[in-house]
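J.: Take a look at the following structure, please.
The values are calculated or read from the model by the stated rules, or taken from the named source; none is laboratory data. Every value quoted in this text rests on a predicted model; they were computed, and no experiment measured them. Don't worry about glycine lacking a Cβ; one is built from the backbone with ideal geometry, like all the others, and counts go over all protein chains shown.
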Protein chains: 2
Amino acid sequence: MIIGGAEDRTDDKEVLQKFIALAGGVAQPIIVITAASKVPEDVWAMYETAFVAIGVENVTHVSISSRAEADDDMLAHKVAQARGIFMTGGDQKRLVTFLGGTQLERAMRRAYSDNGACIAGTSAGASGMCTHMLAEGRADLAPEKGAVRLGAGLGFVSRVIIDQHFSQRHRLNRLLSAIAQSPFLLGAGIDEDTALIVQDGGIEVAGHGSVTVVDCRQSQTNIADVAAGVAPQMLDVRLHLLPSGSGISSADDAGPLADFIHYLTDRTLEHEHR
Amino acid sequence: MIIGGAEDRTDDKEVLQKFIALAGGVAQPIIVITAASKVPEDVWAMYETAFVAIGVENVTHVSISSRAEADDDMLAHKVAQARGIFMTGGDQKRLVTFLGGTQLERAMRRAYSDNGACIAGTSAGASGMCTHMLAEGRADLAPEKGAVRLGAGLGFVSRVIIDQHFSQRHRLNRLLSAIAQSPFLLGAGIDEDTALIVQDGGIEVAGHGSVTVVDCRQSQTNIADVAAGVAPQMLDVRLHLLPSGSGISSADDAGPLADFIHYLTDRTLEHEHR
């Protein structure tokens, strides 16, 4: 479950309610990982209030601020038993630095593969799920060569780069900057209070915004020839706009989104840091 | 010459310099039409200063605030002799209401066809050039059914809807809202301080931003089935990003932009209001 940040936590809580439903309901064990945040206690207090209001009976805060803490046997055992694991916002670089290749990361994969746990990330937690993570950078008025930096993410999602707060922060040019130089990757921009749910070979969009899929595989661009900081020409960029409520049950039926579905469903959680 | 608004008038004046060059240089007669503006004298003062600084010797203000004023023989004669005609910003509905179908409009066409005059419009002046004019409306976070209203424009540009202040005001969703229901039209979003120049069977982008061409002709959308105010699903929207300096000399060489070039060059100034 890939969430674009700023999901409602006080009113309808639609995205969080959906997360709990995907985790099997309010009686199931839920983990909240705040490693991305520099104010983990504040973030935890907010989610604790929200999940308790939803009726969740068993929610545990995992506050990690070093790799050593993420390599704890007891913690890994607990996380592997969870049915819902939620990574909060903050800084995706921080999240990946502390979790990548640790017992905690492996426990998340076990929870997913063995228990069918729902792995969710919002904002930084969403970006951090990618193999090729949009780490930082901005491109306000046009895509720019070199405007963004990629980093190695947790690898829960492969061949797709996620960006979040997408429409609210006008990030199409930032995402285009990233994939213009890696056009074999697809881009997915997730709006605030919106979730892209990957399940059972298909996808669904929930919440109050849209998911924008950006495909440059057929594009013609001069980005290889322009200087850093310059806006490249880009022809034949393809956009697919999926508002909340959109659902595609399998790659077979997905037309121009077949590869997007295929990448998300076939390879999810594949790129483990061994 | 289709300008996205806020072209520089005090420093390098690149777009205005280009306009004067296309009009044949500083000795040629230039007309500034402020009909779109409710403060025509202020707007004229700004352009007068800018054009005088460039060295223009013969620039005339045409201030029109009624159709009767635009149906004046003497004025039409003067405008038909011009080599450069510049329509300022303001409100495109105002511009079209006062000019459409008048002697002044016909004189502009004569100046173009008989003298090779450069017809320029910035901001509202750019929008107003279209046959199908984006009159008003907004769509901030996603395209929305019914978010924008089209109006009948001056018809200097056909089969292409122009939007302006494009990247600065984040208007991709607004332009998509317009063409989603009229996918036989192409969209062109012009950034501030940027000009799309149509000349000699080709196009060129000048200034400091980009031109974004939006093509929904191959798109699949459910817009016909959703309610007003709802974000439609849109698959296979094609974008073409042309930064300043881009030039395409003919439709034959334009690949995915062939029709865009063809529409602009073959039909320019065709849809006269008789």
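J.: Determine, yes or no, whether B:K145 is touching a Gly at 6+ places or on another chain (Cβ under 8 Å), outside the structural domain of B:A231 (by TED's automatic domain parsing) and surrounded by fewer than 23 Cβ atoms within 10 Å (Cβ to Cβ).
T.: In short, no.
J.: Considering every residue within the range B:62-82, establish whether at least one is surrounded by fewer than 18 Cβ atoms within 10 Å (Cβ to Cβ), free of Cβ contacts under 8 Å to residues at least 40 places away in the same chain and under 17 Å from B:T122 (Cα atoms).
T.: Taking every residue of the range B:62-82 in turn, at least one turns out to be surrounded by fewer than 18 Cβ atoms within 10 Å (Cβ to Cβ), free of Cβ contacts under 8 Å to residues at least 40 places away in the same chain and under 17 Å from B:T122 (Cα atoms).
J.: Sticking with this structure for a sec: Between a residue in the range A:236-249 that is farther than 24 Å from A:N222 by Cβ and any residue that is assigned to a strand (DSSP E or B) and of a type in the set (V, I, T), which pairs come within a Cβ distance under 6 Å, given they are 6 or more apart or on different chains?
T.: Close Cβ pairs (under 6 Å, with a partner that is assigned to a strand (DSSP E or B) and of a type in the set (V, I, T)) amount to A:H240/A:V213; A:L241/A:T212; A:L242/A:V205; A:L242/A:V211; A:S244/A:V205; A:S246/A:V205; A:I248/A:I203.
J.: Hey, A:A117 hits all of (1) surrounded by fewer than 24 Cβ atoms within 10 Å (Cβ to Cβ); (2) more than 19 Å from A:Y263 (Cβ to Cβ); (3) more than 11 Å from chain B (Cβ to nearest Cβ); (4) of a type outside the set (S, T, N, Q) but one; which does it fall short on?
T.: Of (1) surrounded by fewer than 24 Cβ atoms within 10 Å (Cβ to Cβ); (2) more than 19 Å from A:Y263 (Cβ to Cβ); (3) more than 11 Å from chain B (Cβ to nearest Cβ); (4) of a type outside the set (S, T, N, Q), only one is false for A:A117: (1).
J.: For the range B:45-55, indicate whether the set of residues that are within 16 Å of B:G5 (Cα to Cα), surrounded by fewer than 23 Cβ atoms within 10 Å (Cβ to Cβ), free of Cβ contacts under 8 Å to residues at least 40 places away in the same chain and not hydroxyl-bearing (S, T, Y) is non-empty.
T.: yes
J.: Report yes if some residue within the range B:12-20 is modelled with pLDDT of 95 or more, in contact with a Leu (Cβ under 6 Å, 6 or more places away or on another chain) and not basic (K, R); otherwise report no.
T.: No, the range B:12-20 has no match at all.
J.: Moving on to the next point. For the range B:83-98, give me each residue that is over 17 Å from B:V39 (Cβ atoms) and buried (at least 24 other Cβ atoms within 10 Å of the Cβ).
T.: B:G84, B:I85, B:V96
J.: Out of the residues in the range A:205-252 that are of a type in the set (D, E) and at pLDDT below 95, which is surrounded by the fewest Cβ atoms within 10 Å (Cβ to Cβ)?
T.: It comes out as A:D225.
J.: Write out, first by first residue and then by second, each pair whose Cβ atoms fall under 8 Å of each other, whose residues are 6+ apart or on separate chains, and whose first residue, in the range B:162-179, is within 11 Å of chain A (Cβ to nearest Cβ) while the second is assigned to a helix (DSSP H, G or I).
T.: Close Cβ pairs (under 8 Å, with a partner that is assigned to a helix (DSSP H, G or I)) amount to B:F166/B:L172; B:F166/B:L175; B:S167/A:N173; B:L172/A:L172.
J.: Within the range B:148-159, which residues are within 22 Å of B:Q233 (Cα to Cα) and surrounded by 21 or more Cβ atoms within 10 Å (Cβ to Cβ)?
T.: B:V148
J.: Can you tell me which condition B:A224 does not meet? The list is (1) under 21 Å from the mean Cα position of the chain (by Cα); (2) at negative phi, and all the others hold.
T.: (1)
J.: Hey, A:D8 hits all of (1) part of a helix (DSSP H, G or I); (2) crowded, with 16+ Cβ neighbours inside 10 Å but one; which does it fall short on?
T.: With (1) part of a helix (DSSP H, G or I); (2) crowded, with 16+ Cβ neighbours inside 10 Å applied to A:D8, the lone miss is (1).
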